[in-house]
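To start, the structure itself, in structure tokens.
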Amino acid sequence: MTVRVGIAGLRGRMGHEIAALGVNDPRIMVVGGLSRRTRDGEPGPNGIPLFAETADLLSEVDVLIDFSAPEGSIIHASACASSGVPLVCGTTGLNASQMAELRSAAERVAVFHAANMSAGVNAALAVLPMLVRALQDYDVEILESHHRHKVDAPSGTAMALARVVADATGGDLEGRARYGREGASLREPGEIGILAIRAGGNPGEHTVILAGDGEEIRLSHRAFSRVSYAEGALRAARLIANQAPGWYEPTTLPGFL
Ligand SMILES: NC(=O)c1ccc[n+]([C@@H]2O[C@H](COP(=O)([O-])OP(=O)(O)OC[C@H]3O[C@@H](n4cnc5c(N)ncnc54)[C@H](OP(=O)(O)O)[C@@H]3O)[C@@H](O)[C@H]2O)c1
């Protein structure tokens, strides 16, 4: 079955990548995209038409893929809920009330959200609890590095890694997260350090350091390009097209991992 997809944020970095992959995938038909600055039918990246009205695009697709910005994602989620179209959302940096709005769309349609769509990062998230539980008294620090245009910091992936570390040791992240360090700042027991770098064109790099007095383990992931994120987004789109309304993540969408 060919899944007809629309891409919100088509003109962005991820929009370009998903479009380029999607047009060469026989299992996918990229019907069109959304941009805030467009005239109806204007061609976007890869010749994919842009739609001025979200509802017009949604009437022609099976799934909307959103890689835009938090303010845009909640508008797209609400439109998907009204049109009965499942949503794959890769946008990061949503605050608590924006996440609540995304989740409320999941009462009416299937909504998949992942701060990182890559197979490698999701595999790392899956094995991390085992390492953390085996090394309970080791210090944990999370480093992430991204391109100079990235808006949110720390990255959604760094926060997902931190939440997994906190969960694996049975505690809340709040109160344990330490964002960057400056001045006198002795490490507290149980602290989870989270440090962000913004430089150049780096498509994404994450390292979890687990360090004891005599050794350390580094669980690292480096994206060479955005292609692994785009592959994950299209895989999620194919898998979610026929799912019942609800909230889906990499671990709960059957077949994603
Ligand atoms: N989950 C993952 O695996 C993953 C991987 C990479 C990036 N991301 C996330 O995906 C998002 C997009 O990343 P990117 O690098 O592609 O960003 P980008 O290059 O800035 O593209 C985002 C696009 O979204 C549109 N947009 C911006 N604000 C909007 C709004 N308020 N309403 C509607 N549309 C809006 C813009 O297009 P117009 O100006 O044409 O409207 C823009 O081109 C970010 O949150 C990023 O962190 C996630």
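Read-outs throughout are calculated quantities, based only on the coordinates presented, and are distinct from any laboratory measurement. Bear in mind that the values here come from a model prediction, so they are computed numbers and not experimental data. Neighbour counts are summed over all protein chains in view; Cβ atoms, including those assigned to glycine, are modelled from backbone coordinates with ideal geometry.
Relative contact order of the stretch 132-257: what whole-number percent is it, with Cα pairs under 8 angstrom and at least 6 residues apart?
30 percent.
Would you work out the relative contact order for the chain, in percent, from Cα pairs under 8 angstrom that are 6 or more residues apart?
21 percent.
Would you grab the residues whose amide H sits under 5 Å from the one on GLY12? Only those 5+ places off in sequence or on another chain, please, with H modelled 1.01 Å from N.
none
Report, by chain and number, residues whose modeled amide H sits under 5 Å from the one on ILE192, excluding near sequence neighbours (fewer than 5 apart, same chain).
ALA177, ARG178
What Kirkwood hydrodynamic radius do you get for the chain when you take the inverse of the mean 1/r over all pairs of distinct Cα atoms, in Å?
Averaging 1/r across every pair of different Cα atoms and inverting gives 19.1 Å.
If the convex hull of the alpha-carbon atoms of the stretch 1-113 is projected onto planes in all directions, what is the mean projected area in square nanometres?
6.3
³J(HN,Hα) across the stretch 215-222 via Karplus (A = 6.51, B = -1.76, C = 1.60, θ = phi - 60°), whole Hz, x for Gly/Pro?
For the stretch 215-222, the Karplus-derived couplings read 6, 8, 10, 10, 9, 10, 10, 10 Hz, x marking Gly and Pro.
Determine the sum of side-chain charges near GLY246: Lys and Arg each +1, Asp and Glu each -1, restricted to other residues whose C-beta is under 13 angstrom from that of GLY246.
With Lys, Arg at +1 and Asp, Glu at -1, the net is 0.
Lys and Arg at +1, Asp and Glu at -1: add these up for the other residues within a Cβ distance under 12 Å of GLU71 and post the number.
-1
Under 10 Å from the Cβ of GLU205, count the other residues' Cβ atoms, weight Lys and Arg +1, Asp and Glu -1, and hand me the total.
Spelling it out: positives minus negatives among the neighbours equals 0.
Restricting to the stretch 119-222, compute how many DSSP beta bridges are antiparallel as a %, nearest 5.
Antiparallel bridges make up about 60 percent of those DSSP assigns within the stretch 119-222.
Apply the Karplus parameterisation 6.51 cos²θ - 1.76 cosθ + 1.60, with θ equal to phi minus 60°, to every residue of the stretch 77-86 and state each ³J(HN,Hα) to the nearest whole Hz, in sequence, with x for glycine and proline.
Couplings: 5, 5, 5, 4, 4, 5, 8, x, 10, x Hz.
What residues have an amide H closer than 5 Å to that of ILE28, excluding those fewer than 5 places away on the same chain, when H is modeled at 1.01 Å from N in the peptide plane?
Answer set, sorted by chain and number: VAL3.
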